[in-house]
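Right, one structure below, let's go through it.
No value in this document is a laboratory result; all are computed from the given coordinates. The structure presented is a predicted model; accordingly, all values stated were derived computationally and were not measured. Glycine gets a Cβ as well: all are built from the backbone with ideal geometry, and neighbour counts include every protein chain shown.
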Amino acid sequence: MVSLRISIVAAALVALGSGCRGGASDASDAFAPEAFEIPSEVRALTPPMPAREGRGRVQHVVLFVADTLRADRVPPRALPRIHSPALAQHAKSAVVFDEAYSTSNWTKSAMASLLTGLEVHRHGALTHEHKLSESHLLLMEMLKAHGFYTAGVLTNGYLTKEYGFDRAWDRVVHAKDSGRARGHFVAEDVERVLAERPKDKPLFLYVHTTDAHSPYEPPARDVSRYDPDPYQGAVRFRGDKLFLERIRRGEIKMRRRDRQRLVALYDAEVTYHDRQFARVKRALAKEGILDDALFIFTSDHGEELFDHGSVAHGWRRLYQELVHVPLMISGPGYEPARRTEQASLLDVLPTVLDALGMSIDPTLVGRSLAGTLPSRRPLLFESYGIHGLLDGHKKLAIRTYPRPTAVQLFDLARDPFEHTNLAEEQPDEVARLTELLHRLRSDLHVASRITDVELEDSTRRQLRELGYID
Ligand SMILES: [Zn+2]
C-alpha cells in the first residue's frame, strides 16, 4: 500500500515537473519556484525540498561526468605519458581532490548516489533491473524548483526514464535517441543547448560523456601517440560491444603486446576526450557562463586495465582503479588548490546546494567541499554481490556472490596498489571494519525492484553499445 502511494505521488511530482516546461517565450513565470510546488503528500514521503536562504556569486552549475575515467589518467595526478592538455589547464584553476571516491563500480549506482546524495544501500539502485525510486529527489529537481533551467546531454542508457533518472529536465539530449554518443557530438549538442537556452535563467547543465567507456575506438592520430608500432593482434573492437567482456571471461587470449595495445586504446580515448572537454569549456566561455558557474568535473567510476588481471568495470571488485575517481571543483569561491582529504561523489550535491545558499538535508553523509571535510569518515562502496568500505587507509571488500564469501583487506598507506590481502593476517581488523560496515548499512532502501524493466528500443540499443547487455 505504502509503495503504491509513493509511486502515485511521485508520478504527480513528475507530471508537475513536465508541466513546468516551456519555451523561452513564456519562461518569465513558468520557471518560478511556485510553479514547481511539491504536493504536501510528497513532502511527507520524501526529504524536504531544500530551501534557498541566500544568493552568492554562483549563478550557474555545470556538472561534467566523464564515464569510466580513471583517476590516474586525469591531471595533475595523471601518469606522465597521458596527454590531456585541456584538463591539465582546467586543474590549474580548480580545487583538485586527490583522494575522491565513487560509491560504486558502475554507472547507475554511482550516478544515483551523486544525484541524490545517498549511498547505494539508501537509494537502492543496485542491479540492472532496479529503478531509482522517484521518492528520492534528484539534484536537477531541486535546482528546477529554484528557478534553474535544467539541461542534460547524456550518453549512458542508464540515465534514462526507465531507470528513474529522466526527471525535471527542461531540455535533455539522449545519445540513445540521437545516436550521437561520441564526444565531438556531445560537444556539438552542448553548443546547441547553450545557444537555444533561455538566457534570463540560471542554468544547470549536466554533461555525461562515455568516450573512456568501451568500446575503445579512438581516432588513429590518438592511438599513434600511445602505440605507434604496427599491431596485428587480437585487440580490435570493430563494433564488438562485448569485446572486453570476452577478454574478462578469458575467451580471448591476451599476450603482453595485446594488453599493451588495449591500454593504449584506452589512453587514446582519454586524449580524444580531452579535446571534446576543451570544446565544451569554450562553448561555456563563449556564452559567458563559465565565470559565474560552479563547475564540477568528475567520473562515475574507473576501469580495470589488468591492474589485477582483469578488464572493464561493474563486476564484483572494488579495487582502487574502479572506485578512485577524479574530482575537481572550480568557480566563485574556489581558489585553485590541491586537497588530500578523502572526498566522495556524495559530497557533490551538498557542494552545489551550499554554493547556491540552499539548505542541506542533515541526514546526508556528504559535506560541502567548500568547507573542511571530516578527518575520518568511512566511505561505503556497493555493487551487486560485493560491498565494502574505506576507513582511513584501511579498505575492506566483502564479496557475497558467488559463494563462498571472499574478504579482502588492504592497507592503502603501505600498499596503494592493493597487492597484499591482509584479511587472514588481521582478523581483528576485518571484524572491526565488518561491524562498522554492517552498522552503516543498516538503513532500509526504498528502490523499486522491477524484474521486467520495460526498456525502449533506443535504450536497449545503447546499453548494447556500451556492452552491458547481449
Ligand atoms: Zn559508468
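A 25 angstrom limit on the alpha carbon distance is what I want to check against. Which of Lys92/Lys286; Lys253/Lys394; Lys108/Lys395 exceed it?
Details: Lys92/Lys286 20 Å; Lys253/Lys394 35 Å; Lys108/Lys395 23 Å.
Result: Lys253/Lys394 exceed 25 Å.
Where does the chain land on the Kirkwood hydrodynamic radius, alpha-carbon pairs, in angstrom?
Working: mean 1/r = 0.0441 Å⁻¹.
Value: 22.7 Å, from the Cα pair sum.
Suppose each label sits 7 Å from its Cα in the direction of the beta carbon; what would the Glu456-Thr372 distance come out to in nanometres?
Here the modelled spin labels are 4.8 nm apart.
Mean separation of Cα pairs under 8 Å and 6+ residues apart, divided by the residue count of region 263-349: what relative contact order is that in percent? Can you show the working numbers first?
Working: 62 pairs, mean separation 24.8, N = 87.
After rounding, I find 29 percent.
Near Leu143, within a Cβ-to-Cβ distance under 12 Å, what is the net charge of the other residues, with Lys and Arg +1 and Asp and Glu -1?
Working: positive: Arg52, Lys144, Arg167, Lys201; negative: Glu141, Asp170.
Taking every Cβ under 12 Å from that of Leu143, the sum is +2.
Which whole-Hz couplings ³J(HN,Hα) result when phi for each residue of region 137-152 is put into the Karplus expression 6.51 cos²θ - 1.76 cosθ + 1.60, θ = phi - 60°, listed in order with x for Gly and Pro?
So the Karplus estimates, Gly and Pro as x, are 5, 9, 3, 5, 5, 5, 6, 4, 4, 9, x, 6, 7, 9, 9, x Hz.
DSSP beta bridges in the chain, what fraction antiparallel, as a percent rounded to 5? The partial results should precede the final answer.
Numbers: 31 of 59 bridges.
Expressed as a percentage, antiparallel bridges in the chain total about 55.
Expected output is a single nm value to one decimal: the length gained when fully extending between Arg248 and Arg192, i.e. 0.36 nm times separation in residues minus the C-alpha distance. What is it?
Values: separation 56, 0.36 × 56 = 20.16 nm, distance 3.88 nm.
Result: 16.3 nm gained on full extension.
Between Arg81 and Ser178, with labels modelled 7 Å along Cα→Cβ, what's the label distance in nm to one decimal, could you check?
Each label point lies 7 Å from its Cα, and together they span 3.3 nm.
Run through region 77-163 and list the GluC sites (Glu not before Pro) located in a DSSP loop whose Cβ has at most 16 other Cβ atoms within 10 Å.
Numbers: sites: Glu99, Glu119, Glu129, Glu134, Glu141, Glu162; in loops: Glu119, Glu129, Glu134.
Sparse-neighbourhood loop GluC sites (Glu not before Pro): Glu129.
Quick check: pseudo-label points 7 Å beyond the Cα along Cα→Cβ at Arg256 and Ala413, how many nm apart are they?
Computed distance between label sites Arg256 and Ala413 equals 3.6 nm.
Please list 3J(HN,Hα) in residue order for region 178-190, calculated via the Karplus relation 6.51 cos²θ - 1.76 cosθ + 1.60 where θ = phi - 60°; whole Hz, with x for glycine and proline.
8, x, 10, 8, 5, x, 5, 5, 4, 4, 4, 5, 4
What residues of region 242-272 lie in the reach of a label at Glu217, counting those whose backbone N is under 18 Å from a point 7 Å from the Cα along Cα→Cβ?
242-247, 262-272
What list of ³J(HN,Hα) values in whole Hz, one per residue of region 227-233 in order, does the Karplus curve 6.51 cos²θ - 1.76 cosθ + 1.60 (θ = phi - 60°) give from phi, with Gly and Pro shown as x?
Couplings: 8, x, 6, x, 9, 10, x Hz.
Placing +1 on the Cβ of each Lys and Arg and -1 on the Cβ of each Asp and Glu in the chain, which of Ala187, Leu205, Tyr334 has its Cα farthest towards the positive end of the resulting dipole?
Projecting each Cα onto the dipole axis, the largest value belongs to Ala187.
Run the reach check for Lys144 against lysines, Cα to Cα strictly under 21 Å, same-chain hits fewer than 8 apart removed. What comes back?
Reachable lysines: Lys161, Lys199, Lys201.
Compute the relative contact order of the chain as a whole-number percentage, counting only Cα pairs closer than 8 Å that sit 6 or more residues apart in sequence. Write down the numbers at each step before the final one.
Details: 940 pairs, mean separation 119.5, N = 470.
Over the chain, the number comes to 25 percent.
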